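The structure under discussion appears below in the form of structure tokens.
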Amino acid sequence: RGGGWAGCGLGAGRDESGWARGADVGSEAFSTEGALWDYLGATNGGLMWAGVAALGGEAALEAPARALGRALGLANWLMALENLRARGWVAWPSGDYAGLIARAGDDLATARKARFGAALPAARAAWRAKDILRRARAHPDWIGTPRLAGAEAGARLKLIGVSLLGRW
């Protein structure tokens, strides 16, 4: 995984999802932050953009949609780490997540500037990412544990709130 094709998109002739699926099957550690970010971009970033585009999102929304997807991907990945380790995938051997969490925060800030309009339901898939990343930053020892997800009742109330207010 050593950083492979950093910066390349679908237009560059690479099959992002095929590369990412190969990375899943290989279960090797990411050697750089860039390699992990490529993976998150090829998986969650691509899926978020596909959802936004399917709901009529304009081409100008591609970058913020992919940024939102990467941040959501990192949040989900941080929650799944113990499960991944149990299956033999030590995906980030250094155990230092501060830089990754900060980068995801930057991606969330980029996405917050976008107006998703009719594609808002796709963006709403990331409604928990900010809180998960905040907890991971404040409590690194919670990474990979159920505590990182937070209380289910509070999460449901938040989803109701963001839905009623037309946010994500």
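The values are calculated or read from the model by the stated rules, or taken from the named source; none is laboratory data. Source: prediction; values computed, not measured. FYI the Cβ positions are ideal-geometry reconstructions off the backbone, even for glycines, and counts take in every protein chain you see. Side chains are part of the model used for accessible areas, which takes the heavy atoms of the whole protein and leaves out ligands, DNA and RNA. Shrake-Rupley method; radii C 1.70, N 1.55, O 1.52, S 1.80 Å.
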Discussion item. Looking at (1) part of a helix (DSSP H, G or I); (2) within 15 Å of the chain's Cα centre (by Cα); (3) not hydroxyl-bearing (Ser, Thr, Tyr), which one does residue 157 not meet, given that it meets all the others?
Written reply: (2)
Discussion item. For the stretch 131-144, which positions are open to solvent by 60 Å² or more (accessible area, probe 1.4 Å), part of a helix (DSSP H, G or I) and without any contact (Cβ under 8 Å) to a residue 40 or more places away in the chain?
Written reply: 134, 137, 138, 141
Worksheet entry | Check on residue 147, farther than 24 Å from residue 42 by Cα and open to solvent by less than 60 Å² (accessible area, probe 1.4 Å) | no
Discussion item. Going residue by residue through the stretch 156-165, is there one that turns out to be open to solvent by less than 50 Å² (accessible area, probe 1.4 Å) and at pLDDT 85 or above?
Written reply: no
Worksheet item: Here are 55, 72, 68, 84: which of them is under 22 Å from residue 128 (Cα atoms) and modelled with pLDDT under 95?
Response: 84
Practice prompt. Could you tell me whether residue 124 is charged (D, E, K, R) and without any contact (Cβ under 8 Å) to a residue 12 or more places away in the chain?
Written response: no
Discussion item. If a residue must be of a type in the set (D, E, K, R) and closer than 13 Å to residue 69 by Cα, how many such residues does the stretch 105-123 contain?
Written reply: 3
